[in-house]
Amino acid sequence: MKSIRELYKIGPGPSSSHTIGPQRASRLFREEYPAADRFRAVLYGSLSATGKGHLTDYIIKKTLEPKPVEIVFEKSFLPYHPNGMELFAFKGQNTLGKWTVYSVGGGNIEIEGGRAAIEGPEIYPFNDTRGLFEYMHKNKLNLLQTVYSLEDADFKSYLSDILNTMFNCVRDGLSKDGVLPGEMKLERVAKNLYSSVLDNKDLSDRAEVVKILVASYAYAVSEENASGGTVVTAPTCGSCGILPAILFYFLMHQHVDSEKLKDALSVAGIFGNFVKHNATVSGAVGGCQAECGTACAMAAAAAAFLLGLTDEQIEYSAEVAIEHHLGLTCDPVLGQVQIPCIERNAAMALRAYDCALFGKHIGKFRKNRVSFDSVIAVMKEAGDLLNTELKETSIGGLAKSYRKSLLGPENNYG
């Protein structure tokens, strides 16, 4: 299994598959053909269906500028992956080169034709929780020690960059008001949510205060993402508000130091890596269970670690989080990463903390009957069974209802 570095990536929202992946591909393609005087990008499948709403055409043009770029939206799918694209480089009337690229989730890309690997080498000698616990037992290590023993010497410095980007995103989102880009003109609410806790003396219930604070942090990051801001894939842009919301809560209200928060990022990352390796973190392949479901599991693992739970209780927390989001659809309204994505991030940040509490109070009384590995296998199966309309194409589910005005803007509180 590859490094956690390949899971957490810093880049532009609103979609790791639709902006970060195409940006990486376009940059590499430009470097391969510096003599080109113009380019063409042909988008297929989900990249085509939600490309404009997800800013795919914008990020490709911006990456290849000042050279002119023709963007073509094709309704068909390429065979290997729903997020496919073809890049062409021209000089005059001559074609200099063509790449077929797949944006496979979390900002990762694969280039057809056996080109050099985009991701780093395999560094983990296991690829699931069973292998992890066997390795830990054999080497007399705990979960965190295992991660640090296998990652490189600069790993903690990398985690610092990830953590700082996450927290800057929270703070930026909490400071802004107005509306998000796109035809829905959806109002930002993070700043108002946060202010309501600070200003409203009627919020005497501490549990309510905690929930609104965590929700406001998730809204803040997700609204920045929807605006095309710089975020961290955790494991994707569409789910990028869940883990930062939990970590920021522990920073601000439990006074946990940055070193401990970096440890929590590592713990969350290993579980996210298991999903990525054994199933998918792409909404176009597995639905939103693969994105927000995975993020909820990662955040639950982080919260469980920060609550001081055992490694077994951490696994229990992560398993509960993803188990109860099996089959979750990815149906962004109007192809934008706004409804239901932003609200869903907030709801799942709250659920992640609840799952960590399950791990704390239930996990100490009985052994979990369903392993994290088992639920990931079911998640993969559920993703395979989901209709294409419910996997990031914006032609089914909530997106279809919205277009039919069954859930019009005047009645939508997402």
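The values are calculated or read from the model by the stated rules, or taken from the named source; none is laboratory data. Because the structure is a prediction, the values reported are computed rather than measured. Counting neighbours? That spans all protein chains shown, and the Cβs are built from the backbone with ideal geometry, glycine included. Heavy atoms of the whole protein, side chains included, go into the accessibility calculation; ligands, DNA and RNA do not. Shrake-Rupley method; radii C 1.70, N 1.55, O 1.52, S 1.80 Å.
For L406, work out the one condition from (1) surrounded by fewer than 15 Cβ atoms within 10 Å (Cβ to Cβ); (2) at pLDDT 90 or above; (3) of a type in the set (A, V, I, L, M) it doesn't fulfil.
(2)
Going by the conditions given, is K62 assigned to a loop (DSSP other than H, G, I, E, B), touching a helix residue (DSSP H, G or I) at 6+ places or on another chain (Cβ under 9 Å) and open to solvent by 10 Å² or more (accessible area, probe 1.4 Å)?
Judged against the criteria, K62 is not a match.
Can you find a residue that is open to solvent by 80 Å² or more (accessible area, probe 1.4 Å), in a loop (DSSP other than H, G, I, E, B) and of a type in the set (G, A, S) anywhere in the range 167-180?
No - not one qualifying residue is present in the range 167-180.
Just to verify a result, which residue in the range 330-345, among those that are within 15 Å of the chain's Cα centre (by Cα) and among the β-branched types (V, I, T), is modelled with the lowest pLDDT?
V337
Please enumerate the residues belonging to the range 324-372 that are surrounded by fewer than 20 Cβ atoms within 10 Å (Cβ to Cβ), farther than 18 Å from L307 by Cα and acidic (D, E).
If the condition is that a residue be surrounded by fewer than 20 Cβ atoms within 10 Å (Cβ to Cβ), farther than 18 Å from L307 by Cα and acidic (D, E), then E343 is the only one that fits.
Counting only residues that are over 19 Å from the mean Cα position of the chain (by Cα) and in a loop (DSSP other than H, G, I, E, B), which one in the range 373-396 is surrounded by the most Cβ atoms within 10 Å (Cβ to Cβ)?
Among those that are over 19 Å from the mean Cα position of the chain (by Cα) and in a loop (DSSP other than H, G, I, E, B), it is L386.
Quick one: which residue in T129, T165, T146 is closer than 19 Å to S266 by Cβ and in contact with a strand residue (DSSP E or B) (Cβ under 8 Å, 6 or more places away or on another chain)?
The unique qualifying residue is T165.
Restricting attention to the range 308-323, and to residues there that are touching a Gly at 6+ places or on another chain (Cβ under 6 Å) and surrounded by 24 or more Cβ atoms within 10 Å (Cβ to Cβ), which single residue is nearest to M136 (Cα to Cα)? Write out each step before concluding.
So in the range 308-323, the residues touching a Gly at 6+ places or on another chain (Cβ under 6 Å) come out as 309, 313, 316-317, 322.
Retained after the next criterion (residues that are surrounded by 24 or more Cβ atoms within 10 Å (Cβ to Cβ)): 316-317, 322.
Numbers: Y316: 17, S317: 19, I322: 23 Å.
Among residues in the range 308-323 that are touching a Gly at 6+ places or on another chain (Cβ under 6 Å) and surrounded by 24 or more Cβ atoms within 10 Å (Cβ to Cβ), the one nearest to M136 (Cα to Cα) is Y316.
Working only within the range 214-247, note down all residues that are open to solvent by less than 10 Å² (accessible area, probe 1.4 Å) and either among the aromatic types (F, W, Y) or modelled with pLDDT under 95 (or both).
Y217
Among the residues of the range 263-275, is there at least one that is at pLDDT 95 or above, within 25 Å of V189 (Cα to Cα), under 17 Å from the mean Cα position of the chain (by Cα) and not aromatic (F, W, Y)?
In the first step, residues of the range 263-275 are kept if they are at pLDDT 95 or above; the result is 263-275.
Checking which are within 25 Å of V189 (Cα to Cα) leaves us with none.
No: zero hits.
The rows are residues; the columns are (1) closer than 14 Å to N273 by Cβ; (2) without any contact (Cβ under 8 Å) to a residue 12 or more places away in the chain.
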residue	(1), (2)
E112	no, no
E119	yes, no
R130	no, no
E134	no, yes
N142	no, no
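In the range 1-34, which residues are in a helix (DSSP H, G or I), charged (D, E, K, R) and over 23 Å from S227 (Cβ atoms)?
If the condition is that a residue be in a helix (DSSP H, G or I), charged (D, E, K, R) and over 23 Å from S227 (Cβ atoms), then R5, E6, R30, E31, E32 are the ones that fit.
Per-residue answers, yes or no, for (1) β-branched (V, I, T); (2) in contact with a Lys or Arg (Cβ under 8 Å, 6 or more places away or on another chain):
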position	(1), (2)
F155	no, yes
Y158	no, yes
C169	no, no
K176	no, yes
V197	yes, no
D205	no, no
V221	yes, no
G228	no, no
V231	yes, no
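Which of the residues spanning the range 250-307 are of a type outside the set (G, A, S), closer than 25 Å to E122 by Cα, open to solvent by 10 Å² or more (accessible area, probe 1.4 Å) and assigned to a loop (DSSP other than H, G, I, E, B)?
T280
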